[in-house]
Amino acid sequence: MTVEELLEQARARIRRLSPEEAAADGAQIVDVRSETSRRRDGVVPGSLHVPLTVLQWRLDQMGDRVLVLCDHGYSSSLAAASLVDLGVDAGEVVGGFEAWRAAGLPVVDESPLEGLFPEGLAELHTHLGGSVSSDIMWSLAHEQGIALPTRDFWEFDRMVTVSDPRGVPDLDSLDRIYHLTELIQSSPLAVERSVHSAIGGAYRSQGITTLELRFNPMKRNRGGERDLDHIILAAIRGLDLASLEYPQVRAGLILMMDRTFSAEQNMVIVEKAIRYAPRGVVGVDIAGPRPGGARYDYTAICPHVAAARAAGLGVTIHVGEEGGRHGVEELHEVVDELRPDRIGHGILAAGDVELMAKLRDADITLEICPTSNLLTKALSGEDAVRETFGAFVEHGVPFTIATDGPEMMRTHLRDEFELLLRLGALGRDEAAAANTRGHKSAFA
Ligand SMILES: [Zn+2]
């Protein structure tokens with residue numbers, strides 16, 4: 001048999017639709033063109049991209065009715081016939097993508113992230129206070145009868161997010177936003193719902209399959225009025241519920257100490273983290289404003305970090321986000337004295353070759369949150385983003401990408417990667433490596 005005869009036999013067994021008919025048909029268009037063609041010429045909106053080599057193995061993704069689309073309409077005939085042989089209602093778009101485009105039907109650019117994250121995304125740095133959508137926050141506030149500063153949802157939405165695209169003037173302004181979300185999350189009910197919705201939302205909207213949520217339980221017990229254990233157990237219930245609904249997600253909780261807290265208060269948080277480690281608390285962290293704006297003495301939490309580590313918890317530390325010279329000194333101290341597994345932000349290290357060597361040698365992963373850093377002015381602009389990532393790539397500093405709180409920062413993890421690719425701060429391989437690093441350096 002010649003290939004022409006084979007083609008004729010194949011075409012006799014499949015549905016053959018013109019591009020216009022295909023567009024109106026409603027069947028799933030399965031695009032089997034090469035990645036090069038898709039990136040060069042664009043894609044049909046809503047089409048599914050499946051390499052020809054694995055077409056028959058991806059039936060579960062395709063739905064009941066399928067129209068195969070290739071470049072010119074030859075390989076699609078053979079591919080569709082092979083699907084018909086497997087019992088699928090399959091056809092082809094006659095003339096392929098070329099005919100589709102010639103007919104003036106819609107074509108969009110392929111997402112630059114297409115195919116980059118086969119294992120799903122990993123988000124290791126997101127604060128519970130910044131991870132819950134405004135509408136859920138609004139309902140939670142009303143359910144608890146919390147007196148809000150406004151009766152208008154949209155005004156509230158602006159209050160609990162960084163709504164000005166120019167960002168906030170400083171970290172203290174961000175702290176005031178957190179203060180409101182923490183107030184709303186200050187009950188067992190609210191904490192449970194917040195954790196549950198943050199995990200579900202991350203998986204549904206971003207395909208995040210590794211997620212660590214951090215929060216300070218002591219900032220959610222109304223100054224001691226609520227019992228700390230009830231707050232933490234509520235978070236664990238939210239985690240458990242989400243793990244039943246979204247078994248694909250590996251999620252964990254990180255309990256945060258605070259730079260404004262006493263050593264005793266912070267030790268209580270570490271003790272709680274250790275106590276609930278078997279239930280889903282996977283690590284500890286510290287954040288918060290510097291008391292009096294002075295350089296923070298991170299050696300004050302050496303015993304805390306040692307206790308957490310001895311109990312098998314992961315350690316990540318907010319440091320090197322801002323603070324100029326103070327910030328760089330603090331980074332050195334944290335790396336030398338605390339030896340954390342990961343560092344929240346750490347972007348100031350990009351200006352210090354010795355520090356970058358230390359981070360690389362100690363295999364400490366930086367959790368970098370580009371949009372957050374731009375909004376708080378920790379990074380001055382696009383050039384600073386490129387320079388920072390350029391330095392880390394050049395010096396082999398391990399890093400992963402995160403949002404810091406997608407709802408508050410009005411971003412999503414995929415947006416962060418798209419931003420970095422668009423700016424040329426990372427290449428595709430580097431972006432994929434940063435995400436893989438995220439899965440690998442998770443505590444959960
Ligand atoms: Zn943070």
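When only residues in segment 114-133 that are assigned to a loop (DSSP other than H, G, I, E, B) and within 16 Å of the ligand (Cβ to nearest atom) count, which is nearest to V282 (Cα to Cα)?
S131
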Subject >> Matching residues in segment 331-358 - criterion: being farther than 22 Å from F443 by Cβ and within 16 Å of the ligand (Cβ to nearest atom) >> reply: L348
**OP:** Kindly establish whether I136 is at pLDDT below 95 and in a loop (DSSP other than H, G, I, E, B).
**Re:** no
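Take the conditions in a helix (DSSP H, G or I), in contact with a Ser or Thr (Cβ under 6 Å, 6 or more places away or on another chain) and touching a residue at least 12 places away in the same chain (Cβ under 8 Å) and apply them to A350. Does it pass?
The answer is yes for A350.
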Subject >> In segment 373-405, the residues that are within 16 Å of the ligand (Cβ to nearest atom) and in contact with a Ser or Thr (Cβ under 7 Å, 6 or more places away or on another chain) >> reply: L379, F399, T400, A402, T403, D404, G405
Subject >> Residue among I286, I274 that alone is of a type in the set (V, I, T), surrounded by 23 or more Cβ atoms within 10 Å (Cβ to Cβ) and modelled with pLDDT of 95 or more >> reply: I286
Subject >> Residue within segment 340-349 that is on the phi < 0 side of the Ramachandran plot, touching a strand residue (DSSP E or B) at 6+ places or on another chain (Cβ under 7 Å) and of a type in the set (V, I, T) present >> reply: yes
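Residue-wise test of (1) outside the structural domain of T36 (by TED's automatic domain parsing); (2) assigned to a loop (DSSP other than H, G, I, E, B); (3) in contact with a strand residue (DSSP E or B) (Cβ under 9 Å, 6 or more places away or on another chain); (4) over 16 Å from A23 (Cα atoms).
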| residue | (1), (2), (3), (4) |
| --- | --- |
| D60 | no, no, no, yes |
| G63 | no, yes, yes, yes |
| L67 | no, no, yes, no |
| G73 | no, yes, yes, no |
| S77 | no, no, yes, yes |
| L83 | no, no, yes, yes |
| E92 | no, no, yes, no |
| F97 | no, no, yes, no |
| P112 | yes, yes, no, yes |
Original post:
Checking V168 against (1) in the same structural domain as L253 (by TED's automatic domain parsing); (2) more than 16 Å from the ligand (Cβ to nearest atom), which single condition isn't satisfied?
Top reply: (2)
Subject >> Number of the condition not met by L426 [criteria: (1) under 30 Å from G200 (Cα atoms); (2) surrounded by fewer than 24 Cβ atoms within 10 Å (Cβ to Cβ); (3) modelled with pLDDT of 95 or more; (4) out of contact with any Ser or Thr (no Cβ under 6 Å at 6 or more places or on another chain)] >> reply: (2)
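The values are calculated or read from the model by the stated rules, or taken from the named source; none is laboratory data. The structure displayed is predicted, hence computed values, not measured ones. Cβ sites come from the backbone with ideal geometry, for glycine too, and all protein chains shown count toward neighbours.
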